[in-house]
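**Q** Encoded as C-alpha cells, here's the structure I'll be asking about.
The values are calculated or read from the model by the stated rules, or taken from the named source; none is laboratory data. Everything numeric in this text was worked out from a predicted model, so none of it was measured. Quick reminder, even Gly has a Cβ in these numbers, built from the backbone with ideal geometry, and neighbours come from all protein chains shown. Side chains are part of the model used for accessible areas, which takes the heavy atoms of the whole protein and leaves out ligands, DNA and RNA. Shrake-Rupley method; radii C 1.70, N 1.55, O 1.52, S 1.80 Å.
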There are 4 protein chains.
Amino acid sequence: MVNTTLAMDAASLERFLDAEFLQVAEDFTLDEVTVDRLVVRLRVSDKHLRPGGTVSGPSMFALADVSVYLAILSRIGPVALAVTTNCSIDFMRKPAAGADILCHVRLLKLGRVLAVGECLLFSEGNTAPVARASLTYSIPARDAAVASNTAKI
Amino acid sequence: MVNTTLAMDAASLERFLDAEFLQVAEDFTLDEVTVDRLVVRLRVSDKHLRPGGTVSGPSMFALADVSVYLAILSRIGPVALAVTTNCSIDFMRKPAAGADILCHVRLLKLGRVLAVGECLLFSEGNTAPVARASLTYSIPARDAAVASNTAKI
Amino acid sequence: MVNTTLAMDAASLERFLDAEFLQVAEDFTLDEVTVDRLVVRLRVSDKHLRPGGTVSGPSMFALADVSVYLAILSRIGPVALAVTTNCSIDFMRKPAAGADILCHVRLLKLGRVLAVGECLLFSEGNTAPVARASLTYSIPARDAAVASNTAKI
Amino acid sequence: MVNTTLAMDAASLERFLDAEFLQVAEDFTLDEVTVDRLVVRLRVSDKHLRPGGTVSGPSMFALADVSVYLAILSRIGPVALAVTTNCSIDFMRKPAAGADILCHVRLLKLGRVLAVGECLLFSEGNTAPVARASLTYSIPARDAAVASNTAKI
C-alpha cells in the first residue's frame with residue numbers, strides 16, 4: 001500500500017500548490033524532496049511576523065501543516081481531499097528575525113486511511129529547532145481520487 | 001496567585017489587541033468575557049478560507065491561540081510577553097461556509113509559570129464543534145511585567 | 001450514524017471490562033453513564049503510586065484511555081477492536097494522596113471511522129483538575145463488529 | 001546552561017531508577033546512552049499486554065515518559081523532582097507479540113525551566129515505529145537540586 005518511490009517531485013508539488021492553494025502558494029518553496037524527507041521553506045514576509053519581528057505561531061503551524069500535506073502528496077500523488085485531523089506542536093525557541101523558516105518533515109506512517117508526519121522547524125542557518133510538530137491526516141479513498149486527479153498534473 | 005476576578009474586560013482586551021497586535025486585531029472580536037469563560041469570534045473573511053470556502057486550519061489555530069492568550073490577560077492583566085509553548089488541536093468537522101467561528105475558551109490552570117487553556121470552536125449557529133484545542137502558555141515573571149504594563153491600558 | 005441513546009449502561013460496560021480486560025477491570029468503576037457524560041473512577045492502590053504517594057502519569061493516562069473507550073462503547077455497543085490513535089495529555093496539578101481519581105469524559109465526535117473524546121481528571125473531592133486529556137480512537141467497520149459482539153453481553 | 005556532556009551514564013541512570021522508582025525499575029533497561037540519543041528498553045512481560053498479546057497503550061506511554069526523564073537526567077544529573085507537564089503520543093502500528101519495545105529518545109530543548117524530548121518506539125527487530133511521542137518536563141530550580149542530589153549517586 002505504501003509506495004517507496006516518489007509520486008510527485010518538487011516541481012510537480014509546486015505546480016499543485018499554485019493550482020489548488022494559490023492564496024498561500026507564494027509563501028512556500030520546496031528545497032528538497034526525497035522519499036525519506038522533504039524540506040519546505042516558509043519565505044518569511046511581514047504578514048508572518050509578530051510585533052518584535054519574530055515569526056508568529058500560526059505561520060509556523062501553517063508551515064508544518066502544508067509540509068506534511070506535501071509529504072503525503074509526494075508519495076501518493078495529488079489527492080486534494082486529504083484533511084488534517086490532529087496536530088501537536090511545541091514552540092521551543094524564538095525564531096531569528098529576518099530568517100526564513102525551514103521545515104524538515106518525514107512520514108512515520110502512510111496507511112490506508114491515516115498518515116502521520118513529524119516536523120522539525122529551524123530558522124535558516126541555525127541548528128537548534130524553533131519548533132516541532134506532529135500531524136495526522138485523514139486520507140480519502142485512494143484509488144478513485146488518485147485516478148481522477150493524476151491527469152491534471 | 002490566581003485572581004478569581006477579571007483584570008481586563010472585553011473593551012480593555014480589544015484595546016490591547018489594537019495596540020499590540022494591530023495586524024490581526026480586526027480579525028477577532030470578544031463576544032463574552034467572564035471569569036469562567038471567554039467567547040472570541042473569528043470574523044471570517046476571504047483570507048481565512050481554503051478552496052471550497054471552508055475556514056483553514058491555520059486560521060482556526062490562530063483563533064485558539066489568541067483566545068487562550070486573551071483569557072490569560074483577562075485574569076492577570078496585560079502581559080505582552082506570555083508565549084505559547086504547546087498546542088494540541090483536533091479538527092473534527094468541516095466548518096460551515098459563510099459563518100464566523102466562535103471559540104469558547106476557559107483556563108484550566110493559571111500557575112506561576114505555566115497556564116493551560118482549552119477551547120471548543122463552533123461555526124456560528126451550530127452546536128457540534130468543528131475543532132478542539134488545548135494550549136500551554138509560559139508566563140514571564142509576573143510582578144514586574146504587570147506593573148510596567150498596567151499603566152498603558 | 002451517531003446514536004443519541006445509550007447502547008450500554010454502567011452494568012453492561014463493567015461486564016464488558018470484566019470479560020475483555022480482566023487484568024485492569026478491577027481498577028476502574030463507572031460512577032455515571034449518560035449520553036452526555038461518563039464518570040470513570042480509578043480505584044487508586046499502591047500499584048498506581050509514584051514515590052511520595054501521588055498517582056503516576058501512566059495511571060492517569062490509562063484512566064483517560066479506558067474512559068474514552070467506554071464512552072464510545074456506551075454509544076455504539078461492544079466493539080472490542082476500537083484502538084487509540086492519538087492522545088494529548090496535560091498534567092496540571094499534583095494529585096491528592098490517598099484519593100481516587102475521577103475522570104469526566106465526553107465525546108466531541110463519533111464519526112464513522114474516528115471518535116474524539118475529552119477528559120478532565122480530578123482527585124476526588126477537589127474541583128481543580130489534576131489533568132486534561134483528549135484522545136482519538138479509530139473505529140473498525142461498525143455493522144459487522146456490533147453484530148458479532150452484541151450477543152455476548 | 002545546557003551541558004553537552006553526559007552527567008550520568010547508563011549504569012548511573014539504572015542505579016537511580018533502582019533507588020527512586022523501585023516499583024518500575026525492573027521494567028526498563030538502558031541499551032544506549034549518548035549525548036545525542038538514549039535507547040530505553042521496555043522488558044515486556046504479561047503485565048504490559050492487552051488481550052491478544054500486544055503491548056498496551058499505557059505501557060508505551062510509561063516507556064516514553066521514563067525515557068524522556070532519563071534523557072534529562074543524563075544531561076543535568078539526578079533531579080528527582082522534574083515532572084511531566086504534557087505528552088502527545090501517536091499509536092501508529094500494532095506492536096509485535098513477544099518482542100520488547102525500544103524507545104529512541106532525544107532532547108530537542110533543555111531550557112532552564114522546560115525540557116522537550118521526542119521518542120520513536122519500535123518493536124525490537126522492526127524498522128517501522130509502533131508509536132511516536134513528544135513530552136514536556138518542568139524542571140525545578142537547578143543548582144540546589146543538583147547539589148543536594150549528586151552526592152547520593
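**Q** What does the average come to when, for each residue of peptide B:58-71, you count the partner chain Cβ atoms lying within 10 Å of its Cβ? Numbers along the way, then the final one.
**A** Numbers: counts 13, 2, 3, 10, 6, 1, 2, 4, 2, 0, 0, 1, 0, 0.
Shielding by partners across B:58-71 averages 3.
**Q** When the accessible area of the range C:1-92 is computed with all protein chains present and a 1.4 Å probe, what percentage of it is carbon and sulfur? Please report the intermediate quantities before stating the final value.
**A** On the way: 1830 of 3570 Å².
Of all accessible area on the range C:1-92, carbon and sulfur atoms account for 51 percent.
**Q** What FRET efficiency comes out for the pair B:A128/A:L81, r = Cβ-Cβ distance, R0 = 25 Å, nearest 0.05? Can you show the working numbers first?
**A** Values: r = 21 Å, r/R0 = 0.82.
It comes to 0.75.
**Q** Next question, about the same structure. Do any of C:K109/D:K94; A:K94/C:K94; C:K47/D:K109; B:K94/C:K109; C:K94/D:K47; A:K109/D:K94 go past 20 Å between their Cα atoms, and which?
**A** Values: C:K109/D:K94 24 Å; A:K94/C:K94 30 Å; C:K47/D:K109 32 Å; B:K94/C:K109 12 Å; C:K94/D:K47 26 Å; A:K109/D:K94 12 Å.
Over 20 Å Cα-Cα: C:K109/D:K94; A:K94/C:K94; C:K47/D:K109; C:K94/D:K47.
**Q** Put +1 on the Cβ of each Lys and Arg and -1 on the Cβ of each Asp and Glu in chain B; which of B:A82, B:L108, B:L70 then has its Cα farthest toward the positive end of the dipole?
**A** Positive-most Cα among the choices belongs to B:L108.
**Q** For chain A, set up a GNM with springs between Cα atoms under 10 Å and report which of A:L73, A:L108, A:L63 has the largest fluctuation.
**A** The residue that fluctuates most here is A:L108.
**Q** For the range C:90-123, state which residues have at least 40 Å² less accessible area in the presence of all protein chains than in their chain by itself, taking the probe as 1.4 Å and leaving out ligands, DNA and RNA.
**A** Residues shielded by partner chains are C:D90, C:F91, C:M92, C:L108, C:K109, C:L114, C:E118, C:L120.
**Q** Give the calculated FRET efficiency between C:V113 and A:T4 to the nearest 0.05, with a Förster radius of 25 Å applied to their Cβ-Cβ distance.
**A** Details: r = 25 Å, r/R0 = 1.02.
My answer for the efficiency is 0.45.
**Q** D:G52 label points, 7 Å along Cα→Cβ, one per copy: pairwise distances from this copy to the rest in nm, shortest first?
**A** Label-point distances to the other copies, shortest first: 3.0, 3.6, 4.7 nm.
**Q** Please give the total accessible area that chains A and C bury against each other, computed with a 1.4 Å probe and expressed in Å² to the nearest 100.
**A** Numbers: alone 7750 and 7710 Å², together 15160 Å².
Buried area between the two chains comes out at roughly 300 Å².
**Q** With both bridge residues required to lie in the protein assembly as shown, what share of the DSSP beta bridges run antiparallel, to the nearest 5%? Write down the numbers at each step before the final one.
**A** Details: 154 of 154 bridges.
Looking only at bridges with both residues in the protein assembly as shown, the antiparallel portion is about 100 percent.
**Q** Moving on to the next point. If you put +1 on each Lys and Arg Cβ and -1 on each Asp and Glu Cβ, how big is the dipole of the range B:10-151 around its Cα centre, in Debye rounded to 20? Kindly include the intermediate steps, with their values, before the conclusion.
**A** On the way: 14 positive and 15 negative charges, 79 e Å.
Using only the charged Cβ atoms, the result is roughly 380 debye.
**Q** State the percent of C-alpha pairs, over all pairs in the range B:39-106, separated by a distance greater than 17 angstrom. The partial results should precede the final answer.
**A** Numbers: 1036 of 2278 pairs.
I get 45 percent for the Cα pairs in the range B:39-106 exceeding 17 Å.
**Q** Let me ask something else about it. How large is the Rg to Rh ratio of the range D:1-128 when both quantities use alpha carbon positions and Rh follows Kirkwood? Walk me through the numbers before you get to the answer.
**A** Working: Rg = 14.3 Å, Rh = 15.0 Å.
On the Cα set of the range D:1-128, Rg over Rh gives 0.96.
**Q** What is the dipole size for the protein assembly as shown, taken about its Cα centre, with +1 at each Lys and Arg Cβ and -1 at each Asp and Glu Cβ, in debye to the nearest 20? It would help to have the intermediate numbers written out before the result.
**A** Values: 60 positive and 64 negative charges, 0 e Å.
For the protein assembly as shown, the charge dipole is close to 0 debye.
**Q** Next up: Where the eigenvalues come from the Cα gyration tensor of the range A:12-75, what are the semi-axes √(5λ) of the equivalent ellipsoid, largest first, in whole Å?
**A** For the range A:12-75, the ellipsoid semi-axes come out as 22, 13, 9 Å.
**Q** Just to confirm my numbers, what's the Cα centroid distance between the range D:62-106 and the range A:10-52 in Å?
**A** Distance between centres, Cα-based: 33 Å.
**Q** Between beta-carbons, use under 12 Å as the cut-off and find the net charge around D:T84, counting Lys and Arg +1, Asp and Glu -1. Working shown, then result.
**A** Values: positive: C:R50, C:K94; negative: C:D90, D:D65.
It works out to a net charge of 0.
**Q** Also, I was wondering about something else. At B:V113, with labels set 7 Å past Cα in the Cβ direction, how many nm apart are the copies from this one, shortest first?
**A** 0.5, 4.2, 4.2
**Q** Along Cα-to-Cβ, 7 Å out, sits the label point; list in nm, shortest first, how far the one on C:A97 is from those in the other copies.
**A** The projected label point of C:A97 is separated from its counterparts by 4.3, 5.1, 6.1 nm.
**Q** Can you tell me the accessible area per residue over the protein assembly as shown, all protein chains present, probe 1.4 angstrom, in square angstrom?
**A** 40
**Q** Per-residue mean of other chain beta-carbon atoms within 10 angstrom of the beta-carbon, peptide C:41-48?
**A** Values: counts 0, 0, 0, 0, 0, 1, 3, 1.
Partner-chain Cβ atoms within 10 Å, mean over residues of C:41-48: 1.
**Q** Compute for the protein assembly as shown: radius of gyration divided by Kirkwood radius, i.e. Rg/Rh, restricted to C-alpha atoms, rounded to two decimals. Before the final figure, lay out each step's value.
**A** Numbers: Rg = 23.5 Å, Rh = 25.0 Å.
Over the Cα atoms of the protein assembly as shown, Rg/Rh equals 0.94.
**Q** Most fluctuating residue of C:R50, C:R106, C:R132 in a GNM of chain C with Cα springs under 10 Å: which is it?
**A** C:R50
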